[in-house]
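Please read the structure below before turning to the comments.
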Amino acid sequence: MSTQRARDLFVTGLRNAHAMERQGEQLMERQSERLAGFPEVQDKIRDHLQQTRQQLRRLEGCLEACGESPSTVKDMVMSFMGNLAAMGHAMAGDEVLKHTLANYAFEHYEIAAYKSLLALAAPAGISESITPLRASLQEEEEMAKWIEDHVQDVTLAHLTKAERAHATANERWP
Ligand SMILES: [Fe+2]
């Protein structure tokens, strides 16, 4: 594969990753406002929101290293992300569970995207991108692990809240 071909693919991948992170930023902005009942989840999402903004800066740095202007980055909405966003809009009572499951899928999409970019960085001749991309990959892996470690607790915490809300409603209107 020629370096030019690899570089074109790398730049396209960087743009897609930028759109992906932008979408993640928007999803987590909405979620962080809505999960007050689950402070541990809310704190983690706020932390990851800050990381996501840093990841966006890193991707812009990688685009600059390729001679691309970050200002020309046009973030498109990918259908997969669109579906997750739609789930984020849902007003269902089990909203925290929908967010948790969607975020788990989202983190793995991001992990795959960074692994793909890392495979292309050297063939594209942009080896200086490897360190920032690895840093972002590590953050995504940590976030995915956190969700994996907490999905059961979050589910049971939601169940407890739902049962308590039901009991309170019955007390008021027996
Ligand atoms: Fe992420």
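Residues considered: 68, 95, 107. Of these, the only one that is in contact with a helix residue (DSSP H, G or I) (Cβ under 9 Å, 6 or more places away or on another chain), modelled with pLDDT of 95 or more and not basic (Lys, Arg) is 107. Residues in the stretch 110-131 that are β-branched (Val, Ile, Thr), in contact with a helix residue (DSSP H, G or I) (Cβ under 8 Å, 6 or more places away or on another chain) and without any contact (Cβ under 8 Å) to a residue 40 or more places away in the chain: 111, 130. Residues that are among the acidic types (Asp, Glu), in a helix (DSSP H, G or I) and more than 14 Å from the ligand (Cβ to nearest atom) do not occur anywhere in the stretch 10-29. Of all residues in the stretch 39-55, those that are crowded, with 21+ Cβ neighbours inside 10 Å and either farther than 18 Å from residue 99 by Cβ or more than 12 Å from the chain's Cα centre (by Cα) (or both) total 2. A residue that is within 16 Å of the ligand (Cβ to nearest atom), in a helix (DSSP H, G or I) and closer than 30 Å to residue 66 by Cβ can be found somewhere in the stretch 144-161. Give the residue that is nearest to the ligand (Cβ to nearest atom), with candidates limited to residues of the stretch 30-63 that are within 17 Å of residue 130 (Cα to Cα) and of a type in the set (Lys, Arg). Per the criteria, the residue is 58.
The values are calculated or read from the model by the stated rules, or taken from the named source; none is laboratory data. Quantities reported herein were computed from a predicted structural model and do not represent experimental measurements. Please note: Cβ atoms are built from the backbone with ideal geometry, for glycine as well, and neighbour counts cover all protein chains shown.
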